[in-house]
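First the structure, in the form of structure tokens, and then the observations on it.
The values are calculated or read from the model by the stated rules, or taken from the named source; none is laboratory data. This structure is a prediction, so every number in the text was calculated from the model and none was measured. Ideal geometry is used to build each Cβ from the backbone, glycine not excepted, and the neighbour counts take in all protein chains shown. With ligands, DNA and RNA removed, areas are computed over all heavy atoms of the protein, side chains included. Shrake-Rupley method; radii C 1.70, N 1.55, O 1.52, S 1.80 Å.
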Amino acid sequence: MPTAPMPQFPAGFRWGVSTSAYQIEGAADTDGRGPSSWDTFARTPGRIIDGSSGDVACDHYHRYAEDVALMAGLGVTAYRFSVAWPRVLPTGAGTVNASGLDFYDRLVDELLAHGIDPVATLFHWDLPQPLEDAGGWLNRDTAPRFAAYADLVAARLGDRVKLWITLNEPFIHMSLGHGMGVHAPGRTLLFDAFPVAHHQLLGHGLAVAALRARGSGPVGIANNYSPVRTVGGSRADAAAAATYEALHNRLFTDPLLGRGYPTELGFDTAAVRDGDLAVIAAPLDVLGVNYYHPTAVRAPEEDSPLPFDLVPLTGYPRTAFDWPVVPDGLRELLGWLHRSYGAELPPVQITESGCAYDDTPDADGRVHDPDRIAYLDGHLRAVRAAIDDGVDVTGYFVWSLLDNWEWAEGFTKRFGLVHVDYHTQRRTPKSSYAWLRDVIAAARREPPR
Ligand code: GCO
């Protein structure tokens, strides 16, 4: 267990937990929800490692009040959830499913009743299947449809949502969903997936305008970032690392902050029309940073289809996902953002940070997860160090409140502060829950400095 006292965080620092609709809600065919690309992908044999899906997940749709009570017990000041587009607009546009909006209305009111700020992500990868059938994010029309959906949700929840996150990890949705095919919708376009990047960002910009027109609170985006470590000392290794950094960390940041697309990627940018970049560069109130680990990169092998090779980053403890545990990587990443974008960088919130371990209840039914405590302790100290380095970080959300459905890994990866028995839906707070509760309580007690 960590022994040194946790350093103090700035007054008003946001303490949160994050989840996403398809990973926790279940109720996939309940109360008018339509199918998403992830329903389709998960039901395709061989796509999910344990053959599972989000059909039931954590049954959060029915158990949300119990889960909000767990958040209140933790003492968080915010909860980042996602709104399922297919629950609100089953075909992606047109007729609204009132029951879908009603659910999020109840959830938001339950959060506010417990003094917890609702932070709503509008797209966390579950695109309505009819839109996917029409080309999904390869189709430019999906961008204005996303903005119309955002406007609809803001009309109902905008008076109470305290921060909007338009997209979750557009890089991952592009690369794993459309480049490599290991996520929904399962396309293998490699570098031809650029239109997916552009149309997501265009949808983001149009949604920002719609949300602002509604006067409905601060707006941000949640990008997945990974500091790049160069393996090998050759110029080719350095070039490969720079290319990967441009792809993973700059492709979805430069245009948002008014710099246009990184040219060194050599993408065919025919999808970019006059005026698009100005829409995309709509000012942000928050930049969400989802951080898990650095990425080691070297020059590609002769037969590699990509201009870089990713290699294991060795010499660190590893999670059950075999990801290296590198808290300093978060401080390094935040410093990189600060140095790279300077005054253009809006306030940052860590919208996801967490780890998977094989957590199982002991004979007494308790779940001890000291590795997660060490992980969170290290990453919170890294955030504090970045703040001392001059980076304006105003919040930290743990991924995740609950063990949940981990995409292609199904139920095999447990990220929760709370253990979920998927057979009984029993929730069991782990020892990391109690540890974080005490950290948050102390932080919220300390006088602002
Ligand atoms: C992501 C997603 C989450 C994941 C989490 C663990 O960052 O990939 O936002 O849905 O479950 O990050 O992989």
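Tabulated results
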| quantity | calculated |
| --- | --- |
| Members of the stretch 217-243 found to be surrounded by 22 or more Cβ atoms within 10 Å (Cβ to Cβ) and away from the ligand (no atom under 16 Å from the Cβ), listed by number | Val219, Val228, Ala240 |
| Residues of the stretch 228-265 that turn out to be of a type in the set (Gly, Ala, Ser) and free of Cβ contacts under 8 Å to residues at least 24 places away in the same chain, as a count | 5 |
| Extreme residue, nearest to the ligand (Cβ to nearest atom), among residues of the stretch 155-170 that are open to solvent by less than 10 Å² (accessible area, probe 1.4 Å) and part of a helix (DSSP H, G or I) | Pro170 |
| Residues (of a type in the set (Gly, Ala, Ser) and over 25 Å from Val391 (Cβ atoms)) located in the stretch 314-333 | Gly315, Ala320 |
| Residue match in the stretch 259-271 (condition: surrounded by fewer than 22 Cβ atoms within 10 Å (Cβ to Cβ), within 16 Å of the ligand (Cβ to nearest atom) and within 23 Å of the chain's Cα centre (by Cα)) | no |
| Output for the stretch 302-327, where each listed residue is open to solvent by 30 Å² or more (accessible area, probe 1.4 Å) and either aromatic (Phe, Trp, Tyr) or assigned to a strand (DSSP E or B) (or both) | Leu310, Tyr316, Arg318, Phe321, Trp323 |
| In the stretch 420-449, the residues that are aliphatic (A, V, I, L, M) and without any contact (Cβ under 8 Å) to a residue 60 or more places away in the chain | Ala434 |
| Some residue of the stretch 384-401 being among the aliphatic types (A, V, I, L, M), under 19 Å from the mean Cα position of the chain (by Cα) and within 15 Å of the ligand (Cβ to nearest atom) | yes |
| Residue check, Trp125 in a loop (DSSP other than H, G, I, E, B) and under 23 Å from Leu256 (Cβ atoms) | yes |
| Every residue from the stretch 328-379 that is open to solvent by less than 10 Å² (accessible area, probe 1.4 Å), part of a helix (DSSP H, G or I) and within 16 Å of the ligand (Cβ to nearest atom) | Gly329, Leu330, Leu333, Arg372, Tyr375, Leu376, His379 |
| Hits in the stretch 26-51 - residues which are in contact (Cβ under 8 Å) with a residue 60 or more places away in the chain, outside any helix (DSSP H, G or I) and under 25 Å from Tyr104 (Cα atoms) | Asp31, Gly32, Arg33, Gly34, Pro35, Ser36 |
| Test result for Gly203, closer than 26 Å to Thr394 by Cβ, within 19 Å of the chain's Cα centre (by Cα) and open to solvent by less than 10 Å² (accessible area, probe 1.4 Å) | yes |
| Verdict on Pro218 being under 23 Å from Gly179 (Cα atoms) and within 20 Å of the chain's Cα centre (by Cα) | no |
| Contacts under 9 angstrom Cβ, first residue in the stretch 7-18 being farther than 13 Å from Glu352 by Cβ and open to solvent by 40 Å² or more (accessible area, probe 1.4 Å), partner within 16 Å of the ligand (Cβ to nearest atom) and not in a strand (DSSP E or B), 6 or more apart | none |
| Some residue of the stretch 219-230 being closer than 30 Å to Arg160 by Cβ and assigned to a helix (DSSP H, G or I) | no |
| Pair list, Cβ < 6 Å and 6+ apart or interchain, from the stretch 120-132 residues that are within 19 Å of Leu107 (Cβ to Cβ) and of a type in the set (Lys, Arg) to residues that are within 14 Å of the ligand (Cβ to nearest atom) and open to solvent by 10 Å² or more (accessible area, probe 1.4 Å) | none |
| Residues of the stretch 402-412 that turn out to be touching a helix residue (DSSP H, G or I) at 6+ places or on another chain (Cβ under 8 Å) and either part of a strand (DSSP E or B) or more than 11 Å from the ligand (Cβ to nearest atom) (or both), as a count | 1 |
| Leu251 vs. criteria within 21 Å of Leu345 (Cβ to Cβ) and open to solvent by 10 Å² or more (accessible area, probe 1.4 Å) | no |
| For Phe415: the one exception among (1) free of Cβ contacts under 8 Å to residues at least 40 places away in the same chain; (2) within 16 Å of the ligand (Cβ to nearest atom) | (1) |
